[in-house]
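Take a look at the structure set out below.
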Amino acid sequence: MGLLEFNKLPINTLVGADWNTFRRVTSGQTIDPKYRGKFRLTKAVCRLLSTLAPIQDKRYDRLLAGKPLEHDPVFILGHWRSGTTFMHNVLSCDRHFGYNTTYQTVFPHLMMWGQPFFKKSMSGLMPDKRPTDNMELAVDLPQEEEFALSNMMPYTYYNFWFLPKNMMTYAEKYLLFNDISPEELKVFEETFVKLIKISLWNTGGSQFLSKNPPHTGRVKELVKMFPNAKFIYLMRNPYTVFESTRSFFTNTIKPLKLQDISDEQLQENILKVYDLLYHKYESDKKYIPEGNLIEIRFEDYEKDAFDMTQEIYTRLNIPGFSEARPAIAAYVDKKKGYKKNKYQYKPETVKLVEQHWGFALEQWHYSI
């Protein structure tokens, strides 16, 4: 157990941003009075740590910048709380995959030097379980890369964790790429490739394994960047996703936010974003070349993770399953006793989901 409780952190994850990103994200934004102390402390630590970023930049330029990627990535897509973390952990047992780590999400500029010291400090402070469910947390475990991207550039959806009043604006620009400028898109492309190369260098993998719900709205751009990328799309019971996402967002935003948002507004945004993300994926998946996409119900995957993982490798023509078989089997067996949060669907939940997300219930044949 870490020394600090997640919901009582005196700083937020922007401490690991480079100074330009911190300044661009927060400049001109309203910081609510009760978070100004957290903002000032985060700003001070960020300013100090960002002086170290040029050291990594020089190493990156010398060692990695000019090296092409050996393989296009494998992307695990799906709305938050759709089981993407479990699948990410299963597939990352394959050592040929490289991935973004939990440490990297907070300190993406302290990867290629000084990592042992900063990682040890972070490990001593963070909890060993995610505060919103029972999934394990550790500095070297796979993690979604949007948190790292939010500390490497100002153009990410996860700015909403800090500035939730802008949540829907960030969704249009940086989740769906509807209003993103060509200049911003170019920065996204260059930053993402840099993150991938550092992730592969750090984990020793040869192919990047991505688990990042925001990428579900960026399929067209990802195919443009990586024409032979493989995509795995997870769908989960929308009643469960709604309850779980509301709990996850409500709890996760507490130590990160610098301004308040009401529970009612957050819920309304969750309902809207699911709709937008679902339909953006449905409209853009046609850009994925035939044979490079598999769509799965999480409930089916959870029941038979090992065999379905083998099927994913086969259908997407991903190499390495034979070598990874023992590690994948061991992880899946270990998780058979994992106790998930159980959700009782209240009448208002049923009504909201059926009213706003009926299209998902119908297309994927879900019911109470």
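Laid out as a table, the results:
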read-out	value
Between the stretch 268-284 and the stretch 44-66, the alpha-carbon center distance in angstrom	36
With DNA, RNA and ligands ignored, accessible area of residue 226 (1.4 Å probe; Å², nearest 10)	10
Set 173/254; 303/346; 272/351; 165/254; 220/280; 220/303 screened for pairs whose C-alpha atoms are more than 20 Å apart	173/254; 303/346; 220/303
Where trypsin sites (Lys or Arg not before Pro) fall in DSSP loop in the stretch 260-368, at most 13 other Cβ within 10 Å	339, 340, 342
Kyte-Doolittle mean at least -0.5 and Cα axial length at least 18 Å: DSSP H helices in the chain	36-50, 182-203, 238-252, 321-334
The stretch 1-119 - charge dipole about Cα centre, Lys and Arg +1 at Cβ, Asp and Glu -1, debye rounded to 20	600
Listed pairs 67/230; 67/211; 230/257 exceeding 28 Å between Cα atoms	230/257
Amide proton proximity set for residue 297, modelled H, under 5 Å, gap of 5+	235
Simple Cβ-charge dipole of the stretch 60-117, Lys/Arg +1 and Asp/Glu -1, about Cα centre, in debye nearest 20	120
Rounded to whole Å, sorted largest first: equivalent-ellipsoid semi-axes of the stretch 124-280, Cα gyration tensor	24, 21, 16
Residue 336 versus residue 310: modelled label distance in nm, points set 7 Å from Cα along the beta carbon direction	1.5
Global geometry of the stretch 258-368, whether rounded, prolate or oblate, following the gyration tensor of its Cα atoms and the 1.5 cut on a/c	prolate
Accessible surface, per residue, of the chain when the full set of protein chains is kept, probe 1.4 Å, Å²	44
Range in the chain, longest, excluding exposed GluC sites (Glu not before Pro) [loop by DSSP; at most 11 other beta-carbon atoms within 10 Å]	71-289
Kirkwood Rh in Å, taken over the chain so that all alpha-carbon pairs contribute	21.1
Size of electric dipole in the chain: Cβ of Lys, Arg +1 and of Asp, Glu -1, about Cα centre, debye, nearest 20	1200
For the chain, calculated [θ]222 nm from helices alone, where every DSSP H run of n ≥ 4 adds -39500 (n - 2.57)	-14500 deg cm²/dmol
Values of log10 I(q)/I(0), in the order q = 0.17 Å⁻¹, for the stretch 178-261 under a Debye, Cα-only, solvent-free model	-1.02
Within straight-line cross-link reach of residue 285, aspartates and glutamates at Cα separation under 16 Å, skipping those fewer than 8 residues along the same chain	221, 275, 295
Additional length obtainable on full extension of the chain from residue 294 to residue 40, 0.36 nm per residue less Cα span	86.9 nm
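The values are calculated or read from the model by the stated rules, or taken from the named source; none is laboratory data. The structure presented is a predicted model; accordingly, all values stated were derived computationally and were not measured. Don't worry about glycine lacking a Cβ; one is built from the backbone with ideal geometry, like all the others, and counts go over all protein chains shown. Quick note on the areas: whole protein, heavy atoms, side chains included, nothing else; ligands and nucleic acids left out. Shrake-Rupley method; radii C 1.70, N 1.55, O 1.52, S 1.80 Å.
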